[in-house]
Amino acid sequence: MIRRAGIGILCLAIVAIAIWWFVPRNAATTAPPVTAPLTPPARPGVPAAAFEMTIESVHDGDTLRARVSDPNAVVTDLESTRVRLIGLDTPEISPALECWGFEANTSLASILPPGSSVWAAADLEVRDQYGRHLLYLWTPDGRFVNAELIAQGDGAVMVFAPNTLHEPLFRALEAEAVAAGRGLWGAC
């Protein structure tokens, strides 16, 4: 009797599994959610609080040296200043060359060659743990450098609070670059 009950339960379980396996489910529960394509927010223009700097050299795809001609609340002296671009991380060129490191470095150097002018603005935290100034940069013609590098696939978004002002824009641009296989997203 117990054996027949066990066989009956096993048969019912097999039938239930077969029904679950072979009977189509409601398409609404199995189809992936439909999402609207990410449209990045508009790229901001040069802010009123921005100050002008002159590029001295490009260290790698997200770090450079620059100098102000007039000290201000962010850069208080006329010395050469190390600048780290806010919101992105590019592959390294030293001590070891990483995939897309050379290309990211070349890209930044072509946008901001030594001797060129740039507009700079800080977010809430002005310096990082290494003493570098954390800045957003714009070319004289209004191109937002940080955003342009991400959109080209030269770097990945890397945001540290409290410097999150342009994070939604950066994340949307990165998603487009990844989907299109631009830069490091197609090569590395």
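Laboratory data are not the source of any read-out in this text; all were calculated from the coordinates shown. Everything numeric here is computed off the predicted structure, so don't read it as measured data. Note that we place each Cβ from the backbone using ideal geometry, even for glycine, and neighbour counts take in every protein chain shown.
List of remarks:
- Evaluating 6.51 cos²θ - 1.76 cosθ + 1.60 at θ = phi - 60° for every residue in the range 175-182, the Karplus couplings come out as 4, 5, 5, 5, 4, 8, x, 7 Hz, glycine and proline recorded as x.
- Anisotropy class of the range 147-188 from Cα gyration tensor, a/c 1.5 cut: prolate
- Two-site FRET efficiency, residue 164 against residue 185, from Cβ-Cβ distance with R₀ of 30 Å, rounded to 0.05: 0.85
- Share of pairwise Cα separations in the range 51-187, more than 22 Å, in percent: 33 percent
- Sequence ranges 71-81, 51-61, ranked by mean other-Cβ count within 10 angstrom, highest first: 51-61, 71-81
- Report note on the peptides 123-129, 135-141: ranked by the mean count of other C-beta atoms within 10 Å, highest first, their order is 135-141, 123-129.
- Each residue of the range 78-93 was assigned a 3J(HN,Hα) from its phi angle through the Karplus expression (A = 6.51, B = -1.76, C = 1.60, θ = phi - 60°), giving 8, 5, 4, 10, 7, 10, 10, 5, 7, x, 9, 9, 9, x, 6, 10 Hz with x at Gly and Pro.
- Around the amide H of residue 59, modelled in the peptide plane, lie the amide H atoms of 64, 65, all under 5 Å away and 5 or more residues distant in sequence or on another chain.
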